[in-house]
Structure formats: structure tokens, C-alpha cells
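The values are calculated or read from the model by the stated rules, or taken from the named source; none is laboratory data. Since this is a predicted model, take the numbers as computed values, not measurements. Glycine also receives a Cβ, built like all others from the backbone with ideal geometry; neighbour counts cover every protein chain displayed.
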Amino acid sequence: MAVRSIVHIDEELCNGCGICVSPCAEGAIEIVDGKAKVMKEELCDGAGFCLAVCPEGALTVEKREAPEFDEEAAAEKMAAKLAAGITIKQKCFNCGRSENDAILFPCRKQGESTWVCVKCLPALIHG
């Protein structure tokens, strides 16, 4: 065990929408009994890509004692999900490209958590 960054999910705020599941590249978050949960702390790298997409603000990153990140286990979990044919749901809100076509960043637009691709981002920043 070591002190490191881990995603924390406030069950009171979580509405179980599942939007946070797919941005978790390591597969640490799943929906259980209608709520998002970090299933195995060793799969969470603490990067927090899931935070920006939560419409309820239920996710935060906290520093606490947790098992070391297991990169190999995370890679195996994601390989299994891809082999099972899990589709990519994230798309750029501006042009519709998926993460299969472009790099996407989580963002907020008019109070909504969404995604923007690298091709559209400069125009949004600079007008």
C-alpha cells in the first residue's frame, strides 16, 4: 500500500448514468446496483478523465492509502472489454468524430459534460 491519487465517487451525488465508465481507460469504474463504483483500486491510475464528464459532480480525486496501480491488470481488463466488442460512446459534440477518429478531451459546454476533439478545440478557443 502507498499514498496515491484515487478516484472517489460520492454515492449520494451519483445518479448511475454511467457516463464515467467509458472514459476510464483502465476499466476501474463499473455500475453496480445503479451507482458508479471503483471496483478495484489497483486499476485506478488517478488520472481523473472520468471527473469532467460527470453531470452530477460526484467524482473527485483524493490522495489516500491504496494498493499500487497494476498496469498489467488494467491492460488485461481493457483488452477483454475491447475483445467483447464494447463500443466507444464518446464523440466530439462539434463534429461527431469518435475517439477512434481523433483524440478527445472532456469539456463542459452550456452546463453539460461532453467531449471535444483536437481538431475542433482550437476553433472553440480562438473563435
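Report the residue count in the range 65-83 for those that are exposed (fewer than 12 other Cβ atoms within 10 Å of the Cβ) and touching a residue at least 60 places away in the same chain (Cβ under 8 Å).
Going through the range 65-83 one residue at a time, the tally reaches 2.
In this structure, does Q110 turn out to be of a type in the set (S, T, N, Q) and surrounded by fewer than 14 Cβ atoms within 10 Å (Cβ to Cβ)?
Considered against the rule, which asks whether it is of a type in the set (S, T, N, Q) and surrounded by fewer than 14 Cβ atoms within 10 Å (Cβ to Cβ), Q110 comes out as yes.
What are the residues in the range 21-53 that are at pLDDT below 90 and hydrophobic (A, V, I, L, M, F, W, C), if any?
V21, C24, A25, A47, F49, C50, L51, A52, V53
Return the residues of the range 64-90 that are of a type outside the set (G, A, S) and at pLDDT 85 or above; say none if nothing qualifies.
Those that are of a type outside the set (G, A, S) and at pLDDT 85 or above: R64, E65, P67, E68, F69, D70, E71, E72, E76.
Would you pick out the residues in the range 43-62 that are among the β-branched types (V, I, T) and farther than 17 Å from V116 by Cβ?
Hits for the range 43-62 are T60, V61.
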